[in-house]
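Participant: Right, I'll just put the structure down here and ask away after.
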Amino acid sequence: MSATERRSFAVVGGGWAGLAAAVSLADAGHAVTLYEAARTLGGRARAVEAHGRHLDNGQHIMLGAYDATLGLLRQVGVDAKSALLRLPLQMRYPPGQGLMDFVAPKLPAPLHMLVALLRAKGMQRDDKLALARFSTAARWMGWELYTDCSVAELLERFGQTERLTRLMWRPLCLAALNTAPEQASAKVFLAVLRDSLGAKRSASDMLLPRLLLDALFPDAAQRHLERRGARVVTGARVEALAQEGDQWRVTTAGGCVKFDGVVLASAPWQAAELLRALPATEDLRAQLNGFAYEPISTVYLQYDPALRLPLPFCALLDEPARGLFGQFVFDRGQLDASQNGLLAVVISGASDAAALERDALAAAIASQLAAAFGTEALARPHWHQVITEKRATFACTPGLARPANATGLPGLALAGDYTACDYPATLESAVRSGQAAARLLDAART
């Protein structure tokens, strides 16, 4: 941030992008007011109350490559080493099924990938050769595609085996892009691989939050903002934005306030509605309203507190046609002892699963776990909770045009994981977008 005169900014939306923008502007010395329509901060990465306790509305995995997110956590006083469980890159299925067990050792890149490949279990010679061929070709290409295509087409182009695609590439694609390989952008997928598989070893590490998402960042961000004199107003829906000379008028049920600039960090469809009354925004509104969306379902299953899985998290073989919907299972007790016996099963690109009744989906997941781990008790949880975000992320399809942070209107910037970026909709892309929007406004009139 540049050294400028103190100005006033509104941030509309208290998700991770809005909070990142607010923290950046406040730390640059500006007066900041953050408006959030919900009663809690965090947007789609927050905790909800169920069964007398708090549960995350979705289980997240971060990567060691998430430099902006990790830096922001430090900025607001979060100790990432204690707040996150750091694991080496891995794709490990429940033991005893003859499926993949792939773990990267703590060796310098790219040696860690080579050794992981040589040691990997559940992979045939053809699978290992195909993975080596793909990694070598992707490095030679600089992890870039000039003409986008689907991930499925990319994998076919580089001769990836059916088994490798089913056990590694499909779950990685779904986890990273929340879009099936047949519809997912190969260009964006390669960007994620570039900053993980293609970077230093620590960048490929998988980071699992030990804390509830509220405690991981939103709560700390709010304390940080308030220490710097910023106002954080929850339960306040912004009803209108209007330009008045070189200022912006923000209207809520509590009245109107003028600011020198606004970061619009709400969901795309909400941003489009607020832009409706502003001039020359037709194309931008059409772009914001043009996104398709993919759901994510998280199924929580509570068992006896003594239950413990072999690993903090495992991949699951998903075959929706056979009623196998779970893709990854997380043993929350290995992340936080207060959650012993609680498993979280994630289903990305969850259209088929979300079509089921919640009880039926939970029963299917419990049966899948019992079969996968050979433990009949897993079929009988004490209670379950299904949480589905119907518009969890945009569908990350080939050639998708995403809007820039700049709106063309002075003093108004967009922020969100949907803005132009080489990453899919992730916490990292939300944070990067919020920080970029803050830089844009801070740099104006300097």
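Nothing in this text is a laboratory measurement; each read-out follows from the coordinates by a stated rule. Computed from a predicted model, the values in this text were never measured in an experiment. When we count neighbours, we look across all protein chains shown, and the Cβ atoms used for this are built from the backbone with ideal geometry, even at glycine.
Participant: Given a cut-off of 28 Å, name the pairs among Lys128/Lys187; Lys106/Lys128; Lys81/Lys187; Lys121/Lys390 whose C-alpha atoms lie farther apart than that in the structure shown.
Facilitator: The pairs that break the limit, which is 28 Å between Cα atoms, are Lys81/Lys187; Lys121/Lys390.
Participant: For Lys390 and Val115 in the same chain, what is the full-extension length gain: residue separation times 0.36 nm, less their Cα-Cα distance, in nm?
Facilitator: Numbers: separation 275, 0.36 × 275 = 99.00 nm, distance 3.97 nm.
Between Lys390 and Val115, full extension yields 95.0 nm more.
Participant: Another question, if that's okay. Pull out the extension gain between Phe158 and Met141, defined as 0.36 nm times the separation in residues minus the alpha carbon to alpha carbon distance; nm, one decimal.
Facilitator: The span from Phe158 to Met141 would gain 4.9 nm if fully extended.
Participant: May I pose another question? Would you mind computing, in nm to one decimal, how far apart the modelled labels at Arg358 and Asp67 are, each placed 7 Å from Cα along Cα→Cβ?
Facilitator: For Arg358 paired with Asp67, the spin-label model returns 4.2 nm.
Participant: Something else now. Which loop-located GluC sites (Glu not before Pro) does segment 1-103 contain, where loop means any DSSP state but H, G, I, E or B and the Cβ has at most 14 other Cβ atoms within 10 Å?
Facilitator: Those satisfying the criteria are Glu5.
Participant: Can you list residues whose amide H is under 5 Å from Arg231's amide H, if they're 5+ apart or on another chain and H is modeled 1.01 Å from N?
Facilitator: So Arg231 has HN proximity to Val32, Thr33, Leu34.
Participant: Still on this structure, please answer the following. For a Förster distance of 35 Å, can you work out the FRET efficiency between the beta-carbons of Asp246 and Asp422, rounded to the nearest 0.05?
Facilitator: Working: r = 33 Å, r/R0 = 0.95.
That gives a FRET efficiency of 0.55.
Participant: Still on this structure: With r defined as the distance between the Cβ atoms of Val257 and Leu129 and R0 fixed at 60 Å, what FRET efficiency is calculated, to the nearest 0.05?
Facilitator: So the FRET efficiency works out to roughly 0.45.
Participant: At 7 Å along the Cα-to-beta-carbon direction for both Arg53 and Asp336, put a label point, then send me their distance in nm to one decimal.
Facilitator: Placing both labels 7 Å along Cα→Cβ, they lie 0.9 nm apart.
Participant: I'd like the Karplus ³J(HN,Hα) series for segment 156-161: coefficients 6.51, -1.76, 1.60, θ = phi - 60°, whole numbers in Hz, and an x wherever there's a Gly or Pro.
Facilitator: Ordered by residue, 3J(HN,Hα) equals 5, 4, 9, x, 6, 6 Hz.
Participant: Okay, moving on. Provide the descending list of Cα extents for segment 287-420 along its principal axes, expressed in whole angstroms.
Facilitator: Dimensions of segment 287-420 along the principal axes of its Cα atoms: 59, 35, 22 Å.
Participant: Do any trypsin sites (Lys or Arg not before Pro) in segment 18-54 lie in a DSSP loop with no more than 10 other beta carbon atoms within 10 Å, and if so, which? It would help to have the intermediate numbers written out before the result.
Facilitator: On the way: sites: Arg39, Arg44, Arg46, Arg53; in loops: Arg39, Arg44, Arg46.
Passing both the DSSP loop test and the Cβ count: Arg39.
Participant: From the P(r) of segment 204-300, could you give the percentage of C-alpha pairs in the tail past 21 Å?
Facilitator: Working: 2543 of 4656 pairs.
In whole percent, the long-distance tail amounts to 55.
Participant: Residue by residue through segment 291-305, which ³J(HN,Hα) values in whole Hz follow from phi under the Karplus form 6.51 cos²θ - 1.76 cosθ + 1.60 (θ = phi - 60°), with glycine and proline marked x?
Facilitator: Once θ is set to phi - 60°, the couplings for segment 291-305 become 5, 9, 10, 10, x, 10, 10, 10, 10, 8, 10, 9, 10, 4, x Hz.
Participant: Could you name the aspartates and glutamates whose alpha carbon sits less than 13 Å from that of Lys258, not counting residues in the same chain fewer than 8 places away?
Facilitator: Glu244, Asp246
Participant: Just in segment 152-223: which GluC sites (Glu not before Pro) are loop by DSSP and have at most 12 other Cβ atoms within 10 Å?
Facilitator: Numbers: sites: Glu153, Glu156, Glu162, Glu182; in loops: Glu182.
Sparse-neighbourhood loop GluC sites (Glu not before Pro): Glu182.
Participant: In a Debye calculation with equal point scatterers on the alpha-carbon sites of the chain and no solvent, what is log10 I(q)/I(0) at q = 0.07, 0.08, 0.11, 0.13 Å⁻¹?
Facilitator: For the chain, the Cα-only Debye profile gives -0.36, -0.47, -0.88, -1.19.
Participant: Short version: ³J(HN,Hα) in whole Hz for each residue of segment 91-107, in order, from phi by Karplus 6.51 cos²θ - 1.76 cosθ + 1.60 (θ = phi - 60°), x for Gly and Pro, what are they?
Facilitator: For segment 91-107, the Karplus-derived couplings read 9, 10, 9, x, x, x, 10, x, 8, 6, 9, 10, 9, 7, x, 7, 10 Hz, x marking Gly and Pro.
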